[in-house]
1. Being out of contact with any Asp or Glu (no Cβ under 7 Å at 6 or more places or on another chain), of a type in the set (A, V, I, L, M, F, W, C) and farther than 20 Å from Gln265 by Cα is the filter here; which residues of region 212-237 pass it?
2. Which residues, counting only those in region 219-239, are buried (at least 22 other Cβ atoms within 10 Å of the Cβ), more than 16 Å from Asp192 (Cβ to Cβ) and of a type outside the set (Lys, Arg)?
3. Quick one: in region 57-72, which of the residues that are more than 17 Å from Val237 (Cβ to Cβ) and assigned to a helix (DSSP H, G or I) is farthest from the chain's Cα centre (by Cα)?
4. For region 248-263, how many residues are more than 17 Å from Arg230 (Cα to Cα) and surrounded by 19 or more Cβ atoms within 10 Å (Cβ to Cβ)?
5. Scan region 294-316 residue by residue and report those that are more than 23 Å from Asp48 (Cα to Cα), touching a residue at least 60 places away in the same chain (Cβ under 8 Å) and among the aliphatic types (A, V, I, L, M).
6. If only one of Pro177, Pro164, Pro225 is over 28 Å from Ala260 (Cα atoms), of a type outside the set (Gly, Ala, Ser) and at pLDDT 95 or above, which one is it?
7. Might you check whether a residue that is in contact with a Gly (Cβ under 9 Å, 6 or more places away or on another chain) and either crowded, with 19+ Cβ neighbours inside 10 Å or outside the structural domain of Thr389 (by TED's automatic domain parsing) (or both) occurs anywhere in region 47-62?
8. Here's a check for you: in region 335-365, which residue that is part of a loop (DSSP other than H, G, I, E, B) and in contact with a helix residue (DSSP H, G or I) (Cβ under 8 Å, 6 or more places away or on another chain) is nearest to Thr297 (Cα to Cα)?
Amino acid sequence: MSNQLSDRVNNLAISATLAMAAKARELKAEGKDIIGLSLGEPDFNTPDYIKDAAIKAVNDNYNSYSPVDGYVELKEAIITKFKRDNNLTYTQAQVVVSTGAKQSLYNVAQVILNKGDEVILPCPYWVSYSDIVQLAEGVPVEVPTSIENNFKMTPEQLEAAITPKTKMLWYSSPCNPTGSIYSKEELRALADVLQKYPQIIVVSDEIYEHINYGVTAHFSMAEFPDMYDRTVTVNGVAKAFAMTGWRIGYIGAPSYIARACNKLQGQVTSGANCIAQRAVITALVEPVSRISFMVDTFKERRKLILGLIKEIPGFVCNEPEGAFYVFPNVTAYFGKTLNGTKINDSTDVSMYLLEHANVATVAGDSFGNNNCIRISYAASEAQITEALTRIKKALEV
């Protein structure tokens, strides 16, 4: 009886990455040998030194409600991390800990946007951005980028997208799904445009910050003094620390935004999981070098998958500088019929590969680019090799 549900939820799209993962699990349960390359989840275990901190927290009887915006000790660890890694100075009043970076993003949208406010989203973007904006009654304004420009928005494109209704700009760097990283110079050029429009708030999603392959140095928009007071820096521990299920994200923001997020969160989820918070203190205060082994492994896998993609006719791919995805253009297959299946768009390609190659990917239309598909290389080299071999064979018809 969907007529009993709100328009808000009826109009809400299902997360494409989660939907494909669920479909893959369903097929696996039926006995099919599915290789899942759809989820953005490291295939490593959480490092032992972080798990030991969680065990200690259990034994120390951390079992009560935590402060809505996070333990003081965790906020201090976040402040230390921001200063150490990003040269950003935040106070406790500017930091809010949430149940994952996704909630951090949701909070920000809810406390900033009014009905009809526009949010600029360089495409491709992470699948949930658009729907989070729409849940806050905002209007996503998609700005297409090209593989030739490494999927990065230019200052001219930003200027052209701004209207009197523009309230925010959202982007991720390193980017999910392309792995592209905005350099300091590229961000400065965007910031120069934004100087003409002081009403625009920037959301910089930096969840993949530490998964960087050394091509372009990470830089935060808030590092520019003239952007500090209008930038929300979003981060978390899910990706680089292999802690997806621990559900801890956080923001550094102007204090009025942080206060508003704290107020909202107090009426929705309250404080994040107490044991996870204690573990994250250790994750953030320990040297970043303790997780470099994961980044080194991802770098080797990137080299492998890029080489395998080059062997697939029609796949055109940029070289990701961070994160753990490739985002190949697959338009060479549009209009073709493969094994009786007509291919019209990226969804058709993704579903065809699931059915005929037993490989789960994600269609690019969910990321705002219908010409590509996203393939995660957060999998073993054996799985990557087998998956790409299957994909190539399935397309050779």
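1. Ala217, Phe219, Met221, Ala222, Phe224, Met227 - these are the residues of region 212-237 that are out of contact with any Asp or Glu (no Cβ under 7 Å at 6 or more places or on another chain), of a type in the set (A, V, I, L, M, F, W, C) and farther than 20 Å from Gln265 by Cα.
2. Ser220, Val232, Thr233, Val234, Asn235, Gly236, Val237, Ala238
3. Asn59
4. Here the count works out to 3.
5. If the condition is that a residue be more than 23 Å from Asp48 (Cα to Cα), touching a residue at least 60 places away in the same chain (Cβ under 8 Å) and among the aliphatic types (A, V, I, L, M), then Leu304, Ile305, Leu308, Ile309, Ile312, Val316 are the ones that fit.
6. Going through Pro177, Pro164, Pro225 in turn, just one is over 28 Å from Ala260 (Cα atoms), of a type outside the set (Gly, Ala, Ser) and at pLDDT 95 or above: Pro177.
7. Within region 47-62 (the criterion being in contact with a Gly (Cβ under 9 Å, 6 or more places away or on another chain) and either crowded, with 19+ Cβ neighbours inside 10 Å or outside the structural domain of Thr389 (by TED's automatic domain parsing) (or both)), the answer is no, since none of the residues qualifies.
8. Taking the candidates together, the pick is Thr361.
The values are calculated or read from the model by the stated rules, or taken from the named source; none is laboratory data. In this text the structure is predicted, and so the values were computed from the model without any measurement. Backbone-built Cβ (ideal geometry, glycine too); neighbour counts: all protein chains shown.
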